[in-house]
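Enquirer: Pasting a structure below so you can have a look.
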Amino acid sequence: MHPDLSHELLGSGKLGATMPKPRRPHVASPDEIKITRQGDTAIFEYADPKIATTSFAMEPGKLAKMSDAELLAYWNEHIKASDEFRRAYKFVGTEIPVGKPQVQYHELGDQWTARGDVLRCVVVNDSPEGMDDVFISIDDRDFTVAEF
């Protein structure tokens, strides 16, 4: 990670700001987006670098027949439909029952993963000096910040 953009979280064990996640694309006007084409994929790059650039695959041959104005209108309809879906969707998280393991170790990837969408945990800091000795306790197992 670039030192000017974020604080390294994993190496230091300290909690810090990470590189900001790109903002979600929004309905755009022609002056705020650049459209390029690669085969059957349109690439939408916003003038604002904080907004995610998106590769948008289309059915074979469709992209070649569309003007930039038609493509932008198609993109904007996609964004509107996605926004509407997110507004209407009701997420229900899966919580693993108390007494059952909430995390499981995957040897092939050498990592722990959550079994559900919710983790019951305790964040503990034993250091009076700051965040140097932070760990996260889940199911009686302590994870360092890097492991978590």
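No value in this document is a laboratory result; all are computed from the given coordinates. Values in this document were obtained by computation on a predicted structure and should not be read as measured data. Glycine gets a Cβ as well: all are built from the backbone with ideal geometry, and neighbour counts include every protein chain shown.
Enquirer: Please compute the contact order of segment 63-148 in relative form: average sequence separation of alpha-carbon pairs under 8 Å and at least six residues apart, divided by the residue count, as a percent. Please report the intermediate quantities before stating the final value.
Expert: Values: 79 pairs, mean separation 15.1, N = 86.
Relative contact order comes out at 18 percent.
Enquirer: At 7 Å along the Cα-to-beta-carbon direction for both Leu119 and Ala57, put a label point, then send me their distance in nm to one decimal.
Expert: My value for the distance between the label points is 3.1 nm.
Enquirer: Which distance in nm do the two modelled labels at His106 and Arg24 give, with both placed 7 Å along the Cα-to-Cβ direction?
Expert: Those two pseudo-labels are separated by 2.5 nm.
Enquirer: So what is the diffusion coefficient of segment 29-76 in µm² per second by Stokes-Einstein at 37 °C and 0.692 mPa s, using a Kirkwood Rh over Cα pairs? Show your work: numbers first, answer last.
Expert: Details: Rh = 10.9 Å.
The calculation lands on 300 µm²/s.
Enquirer: Give me Val124, Val92 sorted ascending by neighbouring Cβ count inside 10 Å, so fewest comes first. Don't skip to the end; give the middle numbers.
Expert: Details: Val124 12, Val92 6.
Ascending number of Cβ neighbours within 10 Å: Val92, Val124.
Enquirer: Now for a different question. Which lysines have a Cα less than 28 Å from the Cα of Lys65, not counting those fewer than 8 places away in the same chain?
Expert: List returned: Lys34, Lys80.
Enquirer: Here's a follow-up. How about Lys21: which lysines have a C-alpha closer than 20 Å to its C-alpha, ignoring those fewer than 8 places off in the same chain?
Expert: Lys50
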